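Working notes, structure below.
The values are calculated or read from the model by the stated rules, or taken from the named source; none is laboratory data. In this text, all values refer to a predicted model and were calculated from it rather than measured experimentally. In this analysis, Cβ positions are derived from the backbone assuming ideal geometry, glycine residues included, and neighbour counts consider all displayed protein chains.
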Amino acid sequence: MQGGMGVGISLSGLASAVANAGGIGIISGTGISIDEMITHIRRAKERIKGTGYIGVNVLFAMNDFAEKMKAAIEEKVDFIISGAGISRDMYAWGKESGIPVISIVSSARLAKMSERLGASAVVVEGHEAGGHLGTERPLFDILPEVVAAVNIPVIAAGGILTGEDLARALNMGAAGVQMGTRFVASEECDAPLSFKEKYISAQLEDTILVKTTVGLHGRAIKNSFTDLIADDKKVKIKKCIDCLKSCSHRFCTLDSLITSMNGDCENGIVFAGARVHEIKEILPVQKIINNIMREYEACR
Ligand SMILES: Cc1cc2nc3c(=O)[nH]c(=O)nc-3n(C[C@H](O)[C@H](O)[C@H](O)COP(=O)(O)O)c2cc1C
């Protein structure tokens with residue numbers, strides 16, 4: 001499964017390429033308008049040949065969460081995947097419409113709660129992941145606890161790059177894996193070339209944890225912007241659109257993500273996973289998936 005990546009990193013281009021290559025694609029609904037999200041859902045569906053699956057990622061922490069989720073349900077996406085918090089409502093809306101809802105969690109406690117409220121599956125994300133993080137613990141420490149705690153499928157995320165990683169996760173009881181960082185460095189990823197180049201030029205220890213205004217730490221590649229927001233410094237906000245349910249207003253997280261989405265990867269946040277330095281090439285999605293399956297078969 002390809003993880004949902006905002007802002008503008010996983011849209012119809014990446015999600016449909018992953019679905020066509022035998023994976024499951026996810027469009028991120030974060031930081032784009034509802035109309036843009038609907039356009040990308042429809043475009044992805046048009047591009048999918050055969051029976052590929054497409055989901056939409058919506059973040060509970062955003063003010064437009066409910067509207068986005070309802071719009072994605074109306075577009076009859078295959079599933080909704082939600083992170084940065086859970087609500088009773090979102091599972092009820094999924095149930096009413098017959099669309100599975102998957103929660104992103106980082107502990108057995110939250111996985112259990114999600115299952116009880118009606119989640120169809122959980123993605124368990126470890127500390128190695130790119131983007132906002134819910135834990136300081138590595139994936140393979142949390143995964144067995146989550147597998148033991150729930151009876152729904154568990155998908156492992158955070159630092160998965162190779163077929164060996166896939167085999168390890170499946171051996172520990174995962175039903176599948178979710179990958180973000182590896183798919184960013186793909187030809188079809190919707191991110192600008194400068195974003196992908198930042199990935200393939202990253203060195204060991206080039207990622208850093210930044211506290212964003214969402215109230216969570218996020219893993220990003222060091223750049224001028226991460227220097228600017230270090231030490232809890234405040235950065236003037238140009239125009240607040242009140243996008244978050246709860247925001248510290250220390251800087252504008254959305255604006256910083258839009259800056260990098262527009263190609264300025266020095267003055268915006270470039271989220272990336274802890275193993276980004278291991279990626280040396282921008283590859284077609286099909287090749288990434290073929291490589292993983294070959295490595296998986298070899299080590300099985
Ligand atoms: C650039 C980037 C942006 C991300 N944005 C989101 C997001 O908007 N919502 C979300 O639930 N997860 C987000 N993630 C997390 C991914 O969906 C996925 O779970 C994570 O990347 C897995 O770890 P990996 O990067 O080590 O493969 C993001 C990750 C990256 C690298």
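From His132, His127, which residue is under 17 Å from the mean Cα position of the chain (by Cα) and farther than 26 Å from Val77 by Cα? Walk me through how you get there before you give the answer.
Details: His132 fails: farther than 26 Å from Val77 by Cα.
It is His127.
In segment 118-148, the residue that is nearest to the ligand (Cβ to nearest atom) out of those that are part of a helix (DSSP H, G or I) and crowded, with 18+ Cβ neighbours inside 10 Å is Leu139. Scanning segment 260-281 for residues being away from the ligand (no atom under 11 Å from the Cβ) and under 12 Å from Ile160 (Cα atoms) gives a total of 0.
Any idea which residue in segment 163-179 is nearest to Glu115 (Cα to Cα), counting only those that are of a type in the set (Gly, Ala, Ser) and buried (at least 24 other Cβ atoms within 10 Å of the Cβ)? Even if it seems obvious, please write down each step before you answer.
Our first condition is that a residue be of a type in the set (Gly, Ala, Ser); within segment 163-179, this holds for 163, 167, 169, 173-176.
Filter again for buried (at least 24 other Cβ atoms within 10 Å of the Cβ), leaving 169, 174.
Working: Ala169: 20, Ala174: 15 Å.
For segment 163-179, the residue satisfying everything is Ala174.
Looking only at residues of segment 83-108 that are at pLDDT 95 or above and within 14 Å of the chain's Cα centre (by Cα), we find that the one that is nearest to the ligand (Cβ to nearest atom) is Ile104. Residues considered: Gly22, Gly55. Of these, the only one that is out of contact with any strand residue (DSSP E or B) (no Cβ under 9 Å at 6 or more places or on another chain) and within 24 Å of Asn291 (Cα to Cα) is Gly22.
Give Val105, Val77 a once-over and let me know the one that is touching a residue at least 24 places away in the same chain (Cβ under 8 Å) and either of a type outside the set (A, V, I, L, M, F, W, C) or under 25 Å from Ser248 (Cβ atoms) (or both). Reasoning before the result, please.
Numbers: Val77 fails: either of a type outside the set (A, V, I, L, M, F, W, C) or under 25 Å from Ser248 (Cβ atoms) (or both).
Being touching a residue at least 24 places away in the same chain (Cβ under 8 Å) and either of a type outside the set (A, V, I, L, M, F, W, C) or under 25 Å from Ser248 (Cβ atoms) (or both) holds for just one of Val105, Val77, which is Val105.
A count restricted to segment 85-98 and to residues that are of a type outside the set (Ser, Thr, Tyr) and crowded, with 21+ Cβ neighbours inside 10 Å stands at 2.
In segment 206-222, of all residues being in contact with a helix residue (DSSP H, G or I) (Cβ under 8 Å, 6 or more places away or on another chain) and more than 20 Å from Gly85 (Cα to Cα), the one that is surrounded by the most Cβ atoms within 10 Å (Cβ to Cβ) corresponds to Ala220.
Could you please give the count of residues in segment 223-263 that are of a type in the set (A, V, I, L, M) and over 17 Å from Phe195 (Cβ atoms)? Break it down into steps so the answer makes sense when it comes.
Narrowing segment 223-263 to residues of a type in the set (A, V, I, L, M): 228-230, 235, 237, 241, 244, 254, 257-258, 261.
Pick out the ones that are also over 17 Å from Phe195 (Cβ atoms) and you get 228-230, 235, 237, 241, 244.
Counting residues in segment 223-263 that are of a type in the set (A, V, I, L, M) and over 17 Å from Phe195 (Cβ atoms) gives 7.
Residues in segment 31-60 that are modelled with pLDDT of 95 or more and hydroxyl-bearing (Ser, Thr, Tyr): Ser33, Thr39, Tyr53. Could you check Gly263 against (1) in contact with a strand residue (DSSP E or B) (Cβ under 8 Å, 6 or more places away or on another chain); (2) assigned to a loop (DSSP other than H, G, I, E, B) and say which number it fails? Single failed check for Gly263: (1).
State yes or no: is Ile160 within 30 Å of Phe195 (Cβ to Cβ), modelled with pLDDT of 95 or more and either surrounded by fewer than 22 Cβ atoms within 10 Å (Cβ to Cβ) or assigned by TED's automatic domain parsing to the domain that holds Gly22 (or both)? Break it down into steps so the answer makes sense when it comes.
Values: within 30 Å of Phe195 (Cβ to Cβ): yes; modelled with pLDDT of 95 or more: yes; either surrounded by fewer than 22 Cβ atoms within 10 Å (Cβ to Cβ) or assigned by TED's automatic domain parsing to the domain that holds Gly22 (or both): yes.
For Ile160, the condition - within 30 Å of Phe195 (Cβ to Cβ), modelled with pLDDT of 95 or more and either surrounded by fewer than 22 Cβ atoms within 10 Å (Cβ to Cβ) or assigned by TED's automatic domain parsing to the domain that holds Gly22 (or both) - is met.
Tallying residues that are out of contact with any Leu (no Cβ under 7 Å at 6 or more places or on another chain) and under 17 Å from Cys247 (Cα atoms) within segment 214-234 yields 5.
Filter segment 63-99 for residues that are among the basic types (Lys, Arg) and assigned to a helix (DSSP H, G or I) and give the result. Full working, then the answer.
If we filter segment 63-99 for residues that are among the basic types (Lys, Arg), which is where we start, we get 68, 70, 76, 88, 95.
The answer is Lys68, Lys70, Arg88, Lys95.
Pairs linking a residue in segment 229-254 that is under 17 Å from His217 (Cβ atoms) to a residue that is part of a loop (DSSP other than H, G, I, E, B) and among the aromatic types (Phe, Trp, Tyr), with Cβ atoms under 9 Å and 6 or more positions apart or on different chains, are Ile229/Phe251; Lys233/Phe251.
Residues in segment 1-45 that are in a loop (DSSP other than H, G, I, E, B), away from the ligand (no atom under 15 Å from the Cβ) and of a type in the set (S, T, N, Q): Ser33 only.
Taken together, Gly134, Gly173 contain a single residue that is touching a residue at least 60 places away in the same chain (Cβ under 8 Å) and under 13 Å from Ala108 (Cβ atoms), which is Gly134.
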